[in-house]
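Notes follow the structure.
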Ligand code: CU
């Protein structure tokens with residue numbers, strides 16, 4: 001029995017030996033070298049950068065004693081147009097300064113708390129092997145600083161954050177950032193690298209309420225975010241702030257999620273991630289559309305940009321993108337490649353029934369008898385039912401329309417100016433640009449298959465609702481417009 005165990009043990013050992021030396025890719029090499037035993041050679045000051053930028057890659061440099069000096073600043077900033085917020089920051093930005101190290105570095109970390117700050121803070125770096133990730137050793141009052149050191153043992157992309165009570169509040173106010181630990185020899189070279197972090201914010205007022213908005217603890221506990229943003233504010237990565245690349249380049253994004261609450265479904269519209277370091281670790285997944293980033297987690301994605309255009313970065317929990325701010329832009333310039341992406345080749349109106357058919361043939365016979373000389377109340381009742389079946393999806397229940405897509409019917413100058421035009425549109429449909437209440441719309445309204453009586457009722461309902469001019473549309477008026485063509 002003892003011998004059998006010994007033999008099995010030897011076979012096991014042989015197996016491991018074959019594994020280690022039989023194939024020799026980089027991850028297995030890492031296992032052979034114990035990172036704790038990597039000797040440092042020399043000292044250097046760490047380069048720290050504000051988002052969306054990252055420090056220079058480590059390349060083939062040896063492990064070093066790396067001096068990191070990070071200053072905590074409590075500052076007022078703008079979270080959205082006209083909305084102020086008191087951010088608590090590592091290095092003056094949200095997310096905080098990007099720290100780039102390699103495995104085996106001995107990081108000498110000094111955390112200073114600016115004398116103008118009001119609160120004590122500390123730092124928990126997920127890249128640290130040690131109690132609290134450094135939190136216990138770095139707790140520091142305003143006007144003081146603390147130094148501690150740690151050795152980076154595991155390559156990967158890690159979140160750091162403040163861990164001073166109430167922890168959730170310190171994180172919610174922007175106290176998070178990323179620290180990258182590159183493997184020996186560095187990550188594969190790419191052309192462009194950027195730093196992005198998602199965060200959710202909770203304000204006393206609703207999204208968009210102007211002025212200085214204080215943190216709202218109740219909403220934070222209920223995870224009812226007013227803002228979900230990249231890099232601390234709405235628009236930090238859009239328009240002039242967009243990140244950029246040229247056609248043919250490889251782009252790597254270091255993306256973290258500070259939370260405090262929400263998980264990110266990170267996606268770039270119109271791109272596919274060639275490589276994803278899942279959860280910021282060493283396992284690489286390929287050809288990914290959307291990757292999850294947990295609160296307090298990170299991911300490294302890279303992809304090649306093949307065609308020019310604006311690529312939208314979103315949290316694909318999509319109301320966060322279009323209603324709460326989790327939207328960024330990558331602008332790619334260069335030559336078009338029509339073979340990879342053609343753009344619009346042809347555009348036309350789609351009319352499955354053909355352009356000349358006016359109504360369903362003999363359809364009126366099947367309909368309930370038309371009551372003549374209805375009262376206004378009867379027309380309103382009938383008109384409302386038609387409206388809710390036919391018009392509601394685009395123009396909405398209270399006639400407000402949908403911004404940039406479907407014009408409002410409520411208090412509509414376009415509608416009130418010309419009843420014959422309105423009847424004509426319901427009869428024949430409308431394509432192309434119109435201006436309603438000072439705003440331009442360019443959409444398609446299809447021709448409705450309604451009887452003259454129904455058109456009269458639904459338009460009477462619209463004209464007698466939502467502050468419109470109370471026109472009473474009769475079937476005769478509809479017939480007149482129809483025959484005037
Ligand atoms: Cu703090």
What whole-number distance in Å separates the alpha-carbon centres of the stretch 111-181 and the stretch 407-452? 59
Whole-Å semi-axes of the stretch 302-343's equivalent ellipsoid, largest first, each the root of 5 times a Cα gyration tensor eigenvalue? 25, 10, 9
Relative to the compact globular guide of 2.2 N^0.38 Å, what is the alpha carbon radius of gyration of the stretch 371-483, as a ratio? 0.98
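For the stretch 219-325, which semi-axes, largest first and in whole Å, follow from the square roots of 5 times the eigenvalues of its Cα gyration tensor?
Sorted largest first and rounded, they come to 24, 18, 11 Å.
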Which percent of Cα pairs goes in each bin when the distances of the stretch 91-150 are cut into 10 angstrom slices starting at zero? 21, 53, 24, 2
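Please label the shape of the stretch 129-201 as rounded, prolate or oblate, based on the square roots a ≥ b ≥ c of the eigenvalues of the alpha-carbon gyration tensor (a/c under 1.5 means rounded; beyond that, a/b larger than b/c means prolate, else oblate). Walk me through the numbers on the way to the answer.
Details: a/c = 2.48, a/b = 1.42, b/c = 1.75.
Oblate.
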Bins of 10 Å from zero: percent of alpha-carbon pairs in the stretch 43-333: 7, 30, 36, 22, 5, 0
Fewest Cβ neighbours within 10 Å first, please rank 125, 427, 340 accordingly. 340, 427, 125
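Given an 8 Å cut-off on Cα distances and at least 6 residues of separation, report the relative contact order of the stretch 133-276 as a percent.
Working: 188 pairs, mean separation 36.8, N = 144.
Reported as a whole number, the value is 26 percent.
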Inter-site label distance for residue 345 and residue 246 at 7 Å from Cα along Cβ, in nm: 3.1
Take every DSSP beta bridge with both residues inside the chain and express the antiparallel ones as a percent of the total, to the nearest 5. 70
Take the Cα atoms of the stretch 28-172, find their three principal axes, and give me the spread along each one in whole Å, biggest first. 53, 31, 25
On C-alpha positions alone, give me the angle between the axis of helix 452-463 and the longest principal axis of the chain, in degrees, nearest 10. 60
Rounded to the nearest whole number, the per residue volume of the convex hull around the C-alpha atoms of the chain in Å³ is 252
List the equivalent ellipsoid semi-axes of the stretch 149-300 in whole Å, largest first, each obtained as the square root of 5λ for an eigenvalue λ of the Cα gyration tensor. 29, 20, 13
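What share of Cα pairs, in percent, lie more than 14 angstrom apart in the stretch 279-327?
63
Cut-off is 10 Å between beta-carbons; in what order do 240, 271 appear when sorted fewest neighbours first?
By the 10 Å Cβ count, ascending: 240, 271.
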Just want to confirm a number: the relative contact order over the chain, from Cα pairs under 8 angstrom separated by 6+ residues, in percent. 10
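Taking Rh as the Kirkwood radius, which is the inverse of the mean 1/r over Cα pairs, what is the Rg/Rh value for the stretch 227-284? Intermediate results must be reported in sequence, preceding the final value.
Working: Rg = 13.2 Å, Rh = 13.7 Å.
Using only Cα positions, Rg/Rh for the stretch 227-284 is 0.96.
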The chain: angle of helix 376-390 to the longest principal axis, Cα-based, in degrees nearest 10: 40
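Could you compute the FRET efficiency for residue 306 and residue 45, with r as their C-beta to C-beta distance and R0 at 30 Å, rounded to 0.05?
Numbers: r = 38 Å, r/R0 = 1.28.
Efficiency at R0 = 30 Å is approximately 0.20.
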Give me 100, 252 sorted ascending by neighbouring Cβ count inside 10 Å, so fewest comes first. 252, 100
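All of the numbers you see were taken from the coordinates with simple rules; none came from a lab. Because the structure is predicted, anything quoted here is derived from the model rather than measured. Cβ: placed from backbone, ideal geometry, glycine included. Neighbour counts: every protein chain shown.
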